[in-house]
Amino acid sequence: MKSNTQLQLARRVDDLTESAIFAIKARADELAGQGHDIIHLDAGEPDFDTPTWIIDAAKQALDEGVTYYTPVGGLLGAERSFDLKYSTSRFALRQAPWDTRQLASL
């Protein structure tokens, strides 16, 4: 049986804004469309398949009880690994070591 009742939302819904992560993804997509080389780390959907070594590391971490969210600032070891792999080889950046937050920011 259908109801003719219209859903009424609270007025505060009008104050909601776009999620920051969706804004970052939209900007990254825009830059990629312009030909920029983008590594998508925005909405949890990288633009490459997960390498086997990452899958194995994730399984090991789960077995060791590492099941919580990371700190907002990230994990220093992960930042260093990313910096070493991509800042010089893919982007030829001249930045202070471990300053990877610039790579993920727009």
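Here are a few things to note about the model shown:
- For HIS40, the residues 5 or more places off, or on other chains, whose built amide H falls under 5 Å of its own are ASP47.
- Modelled label positions at ALA58 and ARG27, each set 7 Å beyond Cα in the direction of Cβ, lie 2.7 nm from each other.
- Of the peptides 4-15, 24-35, the order by per-residue mean of other Cβ atoms within 10 Å, starting with the highest, comes out as 24-35, 4-15.
Just so you know, all these numbers are worked out from the coordinates, no wet-lab data involved. Just so it is clear, the model here is predicted, and its values are computed rather than measured. In this analysis, Cβ positions are derived from the backbone assuming ideal geometry, glycine residues included, and neighbour counts consider all displayed protein chains.
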